[in-house]
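For reference, the structure discussed in these notes is given below.
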Amino acid sequence: MARDALVQEARELLAAMENALLEIEAEGASPDAINAIFRAAHTIKGSAGLFAFDRIVGFTHIVESVLDRVRNGTQPLDEPLMALLLECSDYIAALVDAIEARREDIEPDPERRARLEDALNALLGAGAAPKAPVAVATAAPEAAGQVEVEGGESVSSDNWHLSLRFSPDVLRHGMDPMSFLRYLGTLGRIVHIVTLPDAMPPAEEFDAESCYLGFEIDFASEVDRQTIEGVFEFVREDSDIRILPPHGKVAEYISLIGALPEPAGRLGEILVKGGALTQAELEQVLAHQAAEPVPAKPIGTLLVEREVVPQAVVAAALTKQKQGEEKRAQEQKFIKVEVNKLDALIDLVGELVIAGAATNLLARKQKDPQFEEVSQALSTLVEQIRDAALTLRMVPIGEVFQRFPRVVRDISRELGKEIQLVVTGADTELDKSMVEKLSDPLMHIVRNAMDHGIESTAARVDAGKPAGGTLRLNAYHESGSIVIEVSDDGKGLDRERILKKGIERGLVQPDQVLSDSEVFRLIFEAGFSTAETVTNLSGRGVGMDVVRKNIEALRGEVEILSRAGQGTTVRIRLPLTLAIIDGFQVMVGESTFVIPLELVVECIDVGGHDTRHNIVKLRGEPLPFVRLRELFDLPPATGVRESLVVVQYGQHRAGVVVDRLMGEFQAVIKPLGLLFNQVRGISGSTILGDGRVALILDVPNLVQRASRAQAALAWQGQATSMPEQTGGNS
Amino acid sequence: MSNANLPTQGGATALAERGASRQYLTFTLGGELFAMPIEQIREIIEFGGMTEIPLMPGFLRGVINMRGAVVPVIDLAVRFGRERTEIARRTCIVIIELEQEGQMLLLGVLVDAVNEVLTVEPGQVEPRPAFGARIRAEFIEGMINLDQRFVIALDIRLVLSVDELATLIGMAAETGATAGE
């Protein structure tokens, strides 16, 4: 495992740990969540141990010890401990960062570490006094009652019998057999326990780090087999753990005694003493054994037998095992690939698409049917390769969302507000390259919503709202875009105040009539802030303009919906990919433009339509449109039969009038670069089959312009009776 | 490519201090001879058509495809406040590599013709005149003394200042956009 893989794994585990902690905070402790935390800390420690990253091993070890006490119920998981654990996970993250930066020899913050370790050690010291174990969970005891005993006589004991032979390496793996027994103790009552020191070597060969002990345990409990097996989950792989149910078959005891390394007579004694077997039953077992001697079997057969036994005994255990296998199989379906390699692949696919287009063009010119056929087949393949390559980069947006539960928790505490986070659509996929760039803008919007959107508890109660505010993160796909929404149920934006401020700052004329969304859009202007108090979090007037810039740099768009008293939604719309799209090629005069095909609804012939005021009636509905020739100030043409391409972006439709429709093709998006950052109406460029550069139209911008022109017209229409022809730049 | 840029930092001052000879490409623009240091020049290509971008200021003639990269082309003559360069048989595009905000940026410069590469001794370069030149003084790195005549050596970083160009383009796009509505 490379160092990078370790870092990545550790980060994923830390995220899981944080999620589990937050889940506990929200919904109370559950054994699953506690186990998840323990497992995360444990695995991080184990992996770091492989590389001898001692700083992280040492620290996680203490965390793990505390977690172990939580798991076995001797340490309550209260609020201060939750906070401490969260802070510990932060510190582990800092240690992981140090590993990534190859500075693992330097302690990131020795003071903080000392403080955290003191706090943890204090708990370990205080918790040492034995406490009455608290039952963490009592899973439905159905399985225990329904043990199917198949063949052979059953023994009379009401108790489970557990034979544990821990792997010699168990201590080196950072596990203490005692902790498993303590945890087991929380699930029921240990009736009888015998420690078997038989594996202990002579003193001179004794290795202090090896575990030589085995245990025979009789255990009274109502829990099912799955739960008991779960106790030993972390050691199951290399230790020998055998669990016999109450009223187990005689035959099982026979195979148990046969399989264990200790002499049969001695084991028999233990079983009788513990009450697992009566003397008579033992004699029966031993008689069987004598008749059919079981020599020391190779470990392989033992394992097979162990697999066979539960199959016959408990169906539930089988299901559990199967689930485990499925999970493992699923894990194997992933391989980790360096992002650079993927990017290089996508670049190459881009070149392939361009070269393919050139070949196609040539084939059509040559008018050689065979050549055309071959190049067509090639194009189809290229298209498939392109799609496959692009999906490689798609990741669920959950990757971005997962950091927010913690953020919301921390900020709501800082602000003294009660805020609940609801995340939906975390499976929605988007391009990996966008994930990284989306994180900061989203963070800003979320902070803003919590700080300014959601009111204080008192104000909410006064307004008759629930005391706790709700913040929603949602994502979904819509016509070739991914939409991400951050909504709060707070007080909404203050339209009047924003407008006033906009007028003060000269962004709006006092007599200008603006729609709500136009007013709200003002908050994206640089230095625009209406916050009354400048808090630590936001309101300093930097931010929303940066958010807009970041989103626009991703060829996306931000929109604000708000209702006074009911809340605000910030809606971000982004293209699905930044690399290659299906394009629709159009021409105006000699210039070629490309429209992303996903945004094209239909094409109609303009001739014969009434096109006054740049509005055309389409099936009874007015559709605003723009003429590219006018918009881009291209040389006028005569005698062309114009076509209108209907495009849709979000909820809005508009028409784009062009001279000629050229058809679909695959377009590799080439950004126009720094020089053209402020150009509107064009979002990028692409290279055509003949090597020329074509410009990609910025459909969102065109739609917005068309609608704005329509709105202005409607308003003018109210003011004066009928305006003159608009839309020309004559 | 990128290491070729290193020696040019500091422009004229570096030139004077280093005391080593330096190479310049000379080219004609509107009948006048200019020079620019070769360090930032990546290649010179023959003019072979380009794609115009609507609503751009006059100095931005369009973009070309250079082996898959889309490169903007600047008309130096317009940048110097003269008539736009007419495309003719010898018209060339000089591809220049600039570093901007940590990224390498390629820009094409449209010229009437390229002439030769000169090796210039430090003594041959004189400081720019305070006045009298027909282009903005800050664009001039120095005057190269060639026997009987002076050739203006351009400070290409200032001539092609990305910030300034982007601002001009943004302004043109804004006015164009309002005009279009």
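Checking the cross-link pairs A:Lys500/A:Lys549; A:Lys437/A:Lys491; A:Lys432/A:Lys670; A:Lys365/A:Lys670; A:Lys432/A:Lys549; A:Lys341/A:Lys437 against a 22 Å limit on the alpha carbon distance flags A:Lys500/A:Lys549; A:Lys437/A:Lys491; A:Lys365/A:Lys670 as lying beyond it. Across peptide A:625-632, the average count of Cβ atoms from other chains found within 10 Å of a residue's Cβ is 3.
Report the percentage of all Cα-Cα pairs in region A:580-719 whose separation exceeds 20 Å, rounded to a whole percent. So the portion of pairs separated by more than 20 Å is 46 percent. Close amide H pairs (under 5 Å, H built 1.01 Å from N) link A:Gly425 with A:Ala475, residues at least 5 positions away or on another chain.
Taking Cβ atoms as reference points and 14 Å as the exclusive limit, the residues near B:Gln103 contribute a net charge of -4, counting Lys and Arg as +1 and Asp and Glu as -1. According to the calculation over all Cα-Cα pairs in region B:27-72, the P(r) per 10 Å bin from zero is 20, 43, 36, 2 %. At full extension, A:Asp198 and A:Arg103 could sit 29.7 nm farther apart than now, given 0.36 nm per residue minus the alpha carbon distance. With both labels modelled 7 Å from their Cα along Cα-to-Cβ, the A:Ile503 to A:His61 distance reads 7.0 nm. For the residue pair A:Val640 and A:Glu621, what label-to-label distance in nm results when each label sits 7 Å from Cα along the Cα-to-beta-carbon direction? Roughly 2.7 nm, to one decimal. The mean number of Cβ atoms from other chains found within 10 Å of a Cβ in peptide A:666-676 is 6, as a whole number. Accessible surface ranking for A:His42, A:His247, 1.4 angstrom probe, highest first: A:His247, A:His42. Measuring with a 1.4 angstrom probe and ignoring ligands and nucleic acids, A:Phe215 comes out at about 10 Å² accessible. Using R0 = 35 Å, the C-beta based FRET efficiency linking A:Ala358 and B:Ala113 works out to 0.70.
When a/c is below 1.5 the answer is rounded, else prolate if a/b is larger than b/c, else oblate, so apply that to region A:396-575 with a ≥ b ≥ c taken from the square roots of the Cα gyration tensor eigenvalues. Taking the square roots of the gyration eigenvalues as a ≥ b ≥ c, region A:396-575 is oblate. Each residue of region A:227-239 was assigned a 3J(HN,Hα) from its phi angle through the Karplus expression (A = 6.51, B = -1.76, C = 1.60, θ = phi - 60°), giving 5, 5, 4, x, 4, 9, 3, 6, 10, 4, 5, 10, 9 Hz with x at Gly and Pro. Across q = 0.18, 0.24, 0.31 Å⁻¹, region A:339-393 modelled as identical point scatterers on its alpha-carbon atoms has Debye log10 I(q)/I(0) values of -0.59, -0.84, -1.14, in the order of the q list. Backbone phi angles across region A:247-252, fed through the Karplus curve with coefficients 6.51, -1.76 and 1.60 (θ = phi - 60°), yield HN-Hα couplings of 6, x, 6, 4, 4, 5 Hz in residue order; Gly and Pro are listed as x. The packing ranking of peptides A:63-69, A:198-204, A:249-255, highest mean first, is A:63-69, A:249-255, A:198-204, where packing means the average number of other beta carbon atoms within 10 angstrom of each residue. If R0 equals 30 Å, the separation of the Cβ atoms of A:Val272 and A:Leu171 corresponds to a calculated FRET efficiency of about 0.45. Close amide H pairs (under 5 Å, H built 1.01 Å from N) link A:Val601 with A:Val646, A:Val647, A:Gln648, residues at least 5 positions away or on another chain. Considering only A:Ser456, A:Met443, A:Ser433, the residue lying farthest towards the positive end of the dipole of region A:424-471 is A:Ser456, judged by Cα position with unit charges set on Cβ. Placing A:Val374, A:Val658 in order of accessible area, with the largest value first and a 1.4 Å probe, yields A:Val374, A:Val658. Residue by residue along B:67-75, Cβ atoms of other protein chains within 10 Å of the local Cβ number 4 on average.
Of the residues A:Asp633, B:Asp75, the one with the largest accessible area comes first in the ranking A:Asp633, B:Asp75, computed with a 1.4 Å probe on protein heavy atoms.
In terms of the mean number of neighbouring beta-carbon atoms within 10 Å, the peptides A:691-698, A:365-372, A:96-103 order highest first as A:691-698, A:96-103, A:365-372. Amide H contacts of A:Gly565 (H built 1.01 Å from N, in plane; Pro and chain starts excluded): A:Gly492 sit under 5 Å, all sequence-distant by 5 or more or on other chains.
Judged by the gyration tensor of its Cα atoms, with axes a ≥ b ≥ c, region A:1-74 is oblate; a/c meets the 1.5 cut and b/c is at least as large as a/b. Measuring between their Cα centroids, region A:14-68 and region A:175-249 lie 23 Å from each other.
Here the gap between A:Phe334 and A:Cys603, fully extended at 0.36 nm per residue and compared with their Cα-Cα distance, gives a gain of 92.6 nm. Taking the inverse of the mean 1/r over every pair of distinct Cα atoms in region A:3-126 gives a Kirkwood hydrodynamic radius of 14.4 Å. Taking a ≥ b ≥ c as the square roots of the eigenvalues of the Cα gyration tensor, region A:380-419 is prolate, since a/c reaches 1.5 or more and a/b is larger than b/c. Whole-Hz Karplus values for region B:26-42 come out as 9, 8, 9, 8, x, x, 10, 8, 10, 9, 9, x, 7, 4, 8, 7, 8 Hz, taken residue by residue from phi with 6.51 cos²θ - 1.76 cosθ + 1.60 and θ = phi - 60°; glycine and proline positions read x.
Positive end of the dipole of region A:556-665 (Cβ unit charges, origin at the Cα centre): among A:Val656, A:Phe593, A:Thr568, the Cα lying farthest that way belongs to A:Thr568. On full extension, the segment bounded by A:Glu262 and A:Asp54 gains 71.1 nm, given 0.36 nm per residue less the C-alpha separation. Charged side chains reduced to their Cβ positions (Lys and Arg at +1, Asp and Glu at -1) give region A:3-126 a dipole of some 360 debye around its Cα centre.
The values are calculated or read from the model by the stated rules, or taken from the named source; none is laboratory data. Because the structure is predicted, anything quoted here is derived from the model rather than measured. Neighbour counts run over all protein chains shown; Cβ positions are idealised from the backbone, glycine included. The protein model used for the area step is the full one, side chains on, heavy atoms only, and it has no ligands, DNA or RNA in it. Shrake-Rupley method; radii C 1.70, N 1.55, O 1.52, S 1.80 Å.
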